[in-house]
Amino acid sequence: MTKDQLKSFVRTQIEDIDSQNYQLSDTNFNIFLKEAEREAFERAKLGRINQNITLVVDQASYDLPFEIIELIRVKISGEARPLVKTTQRELDFEISSWDAQPSSTPKYYYQVNDTITLYPTPDAVGTLLLDGYRYAEYELETPENLHESLGYWIMYRLYSIPDVDTSDAGKALLFESKFSDIFGHKKKQEFIETWRNGQPYSSMMAHPFN
């Protein structure tokens, strides 16, 4: 389904037939579609990550080459075990001047937004293997069999606009519910931040670095 086909589908569903005065403007359609796809990828984890980052000697932090939802495995090629996720706060608590320790083979990492930091700092070149989930990288990357379902979000947003003729709380609730039935319920922003950056303390055993 193309974007124009999806737009036509939505307008048909809401009986928006006056081409001289559409209730759903092209501008709002584009905004709501982008929101719909972001929500779909976030809720249903539709976008997988399988990418590599080249490690640089004595460089601890690396920007991720995509907008991340959740990393589920970070591993150095050739090493037996994945890196253990921790937090900067835990490193500060467990190791005095940890960021000044000698370089070695990394065993742990922490994430802040779209940057990951390895500990210890790498002492050799290598390849960091990343597995996880990301947001859409291009428009309508959502699987085609779900394109019409994106329309539920667009209709929800249209009926949620306050103080306009299309505002209808009942219809907004209906279409948001239909969207959630397909893609899952909306996650709170704090939960998304936890996915990315971890709790203030991880679930690792006490004093794991000794």
*Evaluate the Kirkwood expression for the hydrodynamic radius of region 48-133, namely the inverse of the mean inverse distance over all pairs of different C-alpha atoms, and round to one decimal in Å.*
13.0
_ASP26 paired with ALA124, simple spin-label distance in nm, labels 7 Å along Cα-to-beta-carbon_ = 5.8
*Residue-averaged [θ]222 nm for the chain, counting only DSSP H segments that reach four residues, each worth -39500 (n - 2.57)*: -11000 deg cm²/dmol
*For ASP123, what is the net charge nearby, where nearby means another residue's Cβ is under 15 Å from its Cβ and Lys, Arg count +1, Asp, Glu -1?*
-2
_Tell me the net charge near ILE31. Cut-off is 14 Å between Cβ atoms, ILE31 excluded, with +1 for each Lys or Arg and -1 for each Asp or Glu._
0
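State, as an integer percentage, the relative contact order of the chain based on alpha-carbon contacts under 8 Å between residues 6 or more apart.
30
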*Calculate one ³J(HN,Hα) per residue across region 30-47 by plugging θ = phi - 60° into the Karplus curve 6.51 cos²θ - 1.76 cosθ + 1.60, and present them in order as whole Hz with x for glycine and proline.*
4, 5, 5, 5, 4, 4, 4, 6, 5, 4, 4, 5, 6, 7, 9, 6, 7, x
*Which residues' amide hydrogens lie under 5 Å from the amide hydrogen of GLU67, considering only partners 5 or more residues apart or on another chain, with H built in the peptide plane?*
TYR135
_Ascending count of other beta-carbon atoms within 10 Å, so fewest first, for HIS147, HIS185_ = HIS185, HIS147
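Every number in this text was worked out from the coordinates using simple rules, so none of it is lab data. Source: prediction; values computed, not measured. In this analysis, Cβ positions are derived from the backbone assuming ideal geometry, glycine residues included, and neighbour counts consider all displayed protein chains.
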